[in-house]
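Read the structure below first, then the notes.
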Amino acid sequence: MDATTAVIVGYDAVSPLGIELAEQWTRAVQGQSGIGPLTRFPLSPEFPVRIAGQAPSIDHLDYPFLKPREQACWRSPIFKYALLTVQRALEKSGITITPDLAPRVAVTYSSAIGGIDAVLAADRLMIAAGKWPHPYSNPNACINMVGGKISMLTGARGPITATITACATGVTSMIIGAMLLAQGQAEVAICGAVDFALVEPIVAGFATMNGAYVPKEGGPAEPPESASRPFSLHRRGFVIAEGAGAIILATKAFASAHGLQYNAEIAGWGMTSDAHHFVAPYFETVKSCMEKSLAHAGLGPGDIQAVNAHAAATRIGDQVEYAALRAVFGTKIPPVTANKSLMGHAMGASSAIESIWALRGMQTETLPPTINYLPDPEMELDCVAQGSRRLQQEHVLKNAFGFGGCNACMIFRRTE
């Protein structure tokens with residue numbers, strides 16, 4: 001790898017498992033679920049979805065972007081959670097964005113769904129009370145405004161783009177960031193994703209398309225924490241969640257020159273498009289995406305110690321991911337962790353948060369468990385179902401697949 005190789009110098013997340021990164025990781029390793037009752041909006045008796053992975057409130061924290069006046073303008077929660085994770089990740093990285101550095105700092109942090117909740121609220125107010133939308137309603141709904149607000153917060157003046165690939169957005173953001181570094185367009189990239197999709201029509205829409213978890217009609221009542229079941233025989237769809245994750249990349253040369261600490265780098269990546277179906281994944285291109293990431297890293301299947309799976313807990317999605325893993329790794333599929341079993345599916349933010357768990361797992365030589373797992377005889381997998389596991393990991397494969405056939409895979413390499 002050369003001097004432009006992307007190394008990870010800082011990261012931070014907020015998820016249904018907590019606000020502070022250490023707390024979230026401890027809960028993940030202990031196999032604690034962050035899924036509970038859906039309370040983001042009033043539920044009618046017939047509303048199909050009753051549970052969710054809700055992110056904790058951050059309004060009590062002392063940051064300028066959390067002041068009431070600021071939130072009155074930027075009403076969608078995507079902005080404050082994105083800004084919080086970026087500010088904390090930068091603090092952890094040790095990078096200060098000076099006027100001299102600013103033109104060399106890229107922003108690829110994005111969102112799959114964006115601030116559509118702000119436009120919906122404005123529309124409902126117009127209908128109910130005849131009031132015109134707040135002047136910030138449209139800017140709230142611009143997905144690229146997430147990156148814009150991050151640029152304003154940090155002073156970053158390098159390349160900026162919104163990398164929207166549905167549920168693969170977080171990983172794609174890192175891939176585009178790494179590309180900008182490799183091409184010499186930046187020395188630092190602020191990557192990641194945020195999504196807060198617990199908006200009434202979005203939640204109901206996921207239910208009507210048979211994507212979101214809905215209890216079996218006439219079946220026994222089940223606790224919320226048991227509902228997310230990736231790769232499991234009794235999986236019934238994803239549990240919708242919220243969250244944000246920020247990952248700070250720097251070139252190896254920049255990190256070395258500025259004494260920045262890092263223990264992982266991006267070894268390789270792959271991206272493919274299914275050209276097949278608007279939501280159903282396609283085996284050939286999912287397999288190809290994994291193979292491309294291995295080839296780009298100069299690795300073989302035997303070099304991978306663990307897989308952090310996409311594993312949304314849908315019937316067809318998990319089956320296709322397993323089939324692709326089997327085609328790539330044969331009968332020697334590495335241990336596979338499915339973090340959505342713990343926190344649900346935070347849309348584009350999921351792959352950012354899960355990448356952070358993969359990085360933390362490499363650093364601590366630990367795999368968090370996949371909970372709620374009941375073996376499916378059609379999928380022979382080691383899902384780390386019996387509790388967390390100690391495992392040295394030099395290379396970890398991260399999978400992320402999104403609606404529209406957007407596939408993104410990344411390989412992290414431990415550097416210490």
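The table for this structure:
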item: Radius of gyration, Dmax [region 354-416; alpha carbons; angstrom]; result: 13.5, 38
item: Candidates per GluC sites (Glu not before Pro) in region 1-93, loop by DSSP, up to 15 other Cβ within 10 Å; result: E20, E46
item: Cut-off 18 Å (backbone N to label point 7 Å along Cα→Cβ of N138), residues of region 63-80; result: 73-76
item: Over the chain: helical MRE at 222 nm, DSSP H runs n ≥ 4 each giving -39500 (n - 2.57), nearest 500; result: -10000 deg cm²/dmol
item: Computed magnitude of the charge dipole of the chain (debye, nearest 20; Cβ of K, R +1, Cβ of D, E -1); result: 380
item: Karplus-derived 3J(HN,Hα), 6.51/-1.76/1.60, for each residue of region 251-260, Hz, glycine and proline x; result: 5, 4, 5, 5, 4, 5, 5, 10, x, 7
item: Protection-proxy order for peptides 287-299, 93-105, each taking the mean of Cβ atoms within 10 Å per residue, highest first; result: 287-299, 93-105
item: Pairs of lysines in region 6-257 (C-alpha under 25 Å apart; 8 or more residues apart or interchain); result: 8
item: Ranking of I78, I411 by count of other Cβ atoms within 10 Å, fewest first; result: I411, I78
item: Cα lying deepest toward the dipole's positive end in the chain, options G94, L153, Q386, charges on Cβ; result: L153
item: Listed residues W25, W132, W74, most fluctuating in the chain (Gaussian network, C-alpha, under 10 Å); result: W132
item: Of P64, L84, A166, farthest towards positive along the dipole that unit charges on Lys, Arg, Asp, Glu beta carbons give region 6-257; result: A166
item: Among 393-399, 28-34, 185-191, the order from most to least packed when residues are scored by Cβ within 10 Å on average; result: 185-191, 393-399, 28-34
item: Fewest-first ranking of H234, H134, using other Cβ atoms within 10 Å as the exposure measure; result: H234, H134
item: Gyration tensor over alpha-carbon atoms, region 82-124, equivalent ellipsoid semi-axes in Å; result: 31, 12, 9
item: Span-like helix ranges in the chain, DSSP H, alpha carbon extent 20 angstrom or more, Kyte mean at least -1.0; result: 77-93, 283-297, 315-329, 348-364
item: Per-residue ³J(HN,Hα) for region 43-51, Karplus 6.51 cos²θ - 1.76 cosθ + 1.60, θ = phi - 60°, Hz, x for Gly and Pro; result: 9, 6, x, 9, 4, x, 9, 10, 10
item: Ratio of Rg to Rh over region 290-400 (Cα coordinates, Kirkwood Rh, two decimals); result: 0.92
item: Highest average packing first - 307-313, 157-163, Cβ atoms within 10 Å; result: 307-313, 157-163
item: The chain, Rg to Rh (Cα coordinates; Rh as Kirkwood inverse mean 1/r); result: 0.95
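We did not get these values from a lab; they are worked out from the coordinates using the rules stated. All of these numbers come straight from a predicted model, not from anything done at the bench. A quick note on method: Cβ atoms are made from the backbone with ideal geometry, for glycine too, and the neighbour counts reach across all protein chains shown.
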